[in-house]
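Since the structure comes first, as structure tokens, the remarks are kept for the end.
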Amino acid sequence: MREAHDLLKARRYRDVLIRLREVDGASRSSIDAFEVEQLRASAANATGDLASAARAYETMLASPHLAPADRLPTMRALIGVHHQRHDHAQVIAWATRYLKEGGAEPQVGAWLAQAYFDSGDFANAARELQRGLLVAERSSQVPPEEQLLLLHRSYTQLGDASAVSWTLEKLLVHHPRKRYWSELLDRLENRIDIGHRLTLDVLRLRWLTGTMRAPGDYVEMGTQALQAGFPAEAVKVLEQGFASGALGKSAQGREHEALRAKALRQQDESRQTLARPDAAAAATAARDGIWLHNLGFAYVTQGDFAKGLALMEQGMRKGGMGEKPQDARLRLGIAYLLAGQKDKSIETLTNIGGVHGAADLGRIWSIYARTAGSSTNT
């Protein structure tokens, strides 16, 4: 035994295994037998003899000589060996036992989720990944990106579109990337409760996150901004489309030029109108606050944030926002963000309330507000 210990200290792992095989079958006390398996587990692990390592760990776990404090670490080591062997059934069996006995190592939960996924049990994979995500967030830790991606794949396999979108939101909170924005916004546009009335707000988010699908999104956003009465916004979007090469170079180049010319003309007319001292008179006199709200947003798109936000807030206090007052609160939150008032924006966007497209879109806008500038180009 002393010789085996010396060989292990010298990192002569194969020699350790040879020496232990030579004494296998010899009569020895139970404590000596336990020590042999400890040495075998260490040496087998080091040489990649995973089958021998697994048997040694299992023998140790069955021994009365294993100290209670060493039980969970030994079990974790065994689960790691089975994970390397791709023995999903054994990973599931031992990891489940580990968790029942009070183990809390996040890596074990990750191995368990992977084993469930690779076994085709996507529901249990998602359950374990959800548990790991909850633990990480409660302890203010960043959940690993690969675990969130596995959760995304699990819900995709289960056909749960809502859960896939929820997972994409989590990916954007913790690991913002353009491709996650692109997929989430694609899914959002396909929802019935988003419809035409919120399409411009989705496109605004595409524009800010750099996920415009050229040239269609530039044309659509420019057109909708003009229809909504925000030509300054339309000009900014269209100019970026031309600068990036998305507009002006295809067979529709002349149409793109015509749209830009129209936007520039309407922008000039709008600036003249908004510069008049009585520009807000009609909106102030109107019974409903939506007129003040829309006028304020027009000022915001022109960069006059102080005047624009004041009018929008006045309109919100006045009330009368039509059938969808939550849409007005969403745009107020967007306006705060455009004005650089991040905290007010997040507060407004996260308190839209209700279960509908505007509330969900507001929450997604709030994610952008929190993470703006941190998204990677992938």
Within the stretch 130-149, identify whether any single residue is open to solvent by 50 Å² or more (accessible area, probe 1.4 Å), of a type in the set (G, A, S) and more than 16 Å from A54 (Cβ to Cβ), and answer yes or no. yes
Tell me which residues, restricted to the stretch 91-120, are assigned to a helix (DSSP H, G or I), open to solvent by 60 Å² or more (accessible area, probe 1.4 Å) and either more than 20 Å from E146 (Cα to Cα) or in contact with a Phe, Trp or Tyr (Cβ under 8 Å, 6 or more places away or on another chain) (or both). R97, K100
For R177, the lone unmet condition from (1) open to solvent by less than 60 Å² (accessible area, probe 1.4 Å); (2) out of contact with any strand residue (DSSP E or B) (no Cβ under 8 Å at 6 or more places or on another chain); (3) touching a residue at least 12 places away in the same chain (Cβ under 8 Å) is (2)
With criteria (1) closer than 27 Å to L184 by Cβ; (2) modelled with pLDDT under 95; (3) of a type in the set (S, T, N, Q), T223 comes up short on (2)
Can you tell me which condition L172 does not meet? The list is (1) open to solvent by 40 Å² or more (accessible area, probe 1.4 Å); (2) under 17 Å from the mean Cα position of the chain (by Cα); (3) among the hydrophobic types (A, V, I, L, M, F, W, C), and all the others hold. (1)
For the stretch 232-263, which residues satisfy the criterion of being part of a helix (DSSP H, G or I), among the polar types (S, T, N, Q) and farther than 13 Å from M221 by Cβ? S244
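For D327, are the conditions met, namely being among the acidic types (D, E) and either in contact with a His (Cβ under 8 Å, 6 or more places away or on another chain) or touching a residue at least 24 places away in the same chain (Cβ under 8 Å) (or both)?
Numbers: among the acidic types (D, E): yes; either in contact with a His (Cβ under 8 Å, 6 or more places away or on another chain) or touching a residue at least 24 places away in the same chain (Cβ under 8 Å) (or both): yes.
Judged against the criteria, D327 is a match.
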Members of the stretch 183-207 found to be assigned to a helix (DSSP H, G or I), touching a residue at least 40 places away in the same chain (Cβ under 8 Å) and surrounded by fewer than 18 Cβ atoms within 10 Å (Cβ to Cβ), listed by number: R197
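Condition check ((1) β-branched (V, I, T); (2) touching a residue at least 24 places away in the same chain (Cβ under 8 Å); (3) over 19 Å from A163 (Cα atoms)) across all residues:
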| residue | (1), (2), (3) |
| --- | --- |
| G48 | no, no, yes |
| A51 | no, yes, yes |
| P68 | no, no, yes |
| H88 | no, yes, yes |
| P106 | no, yes, yes |
| D121 | no, no, no |
| N124 | no, no, no |
| E128 | no, no, no |
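The values are calculated or read from the model by the stated rules, or taken from the named source; none is laboratory data. Quick caveat: nothing in here was measured; it's all calculated off a predicted structure. Don't worry about glycine lacking a Cβ; one is built from the backbone with ideal geometry, like all the others, and counts go over all protein chains shown. Quick note on the areas: whole protein, heavy atoms, side chains included, nothing else; ligands and nucleic acids left out. Shrake-Rupley method; radii C 1.70, N 1.55, O 1.52, S 1.80 Å.
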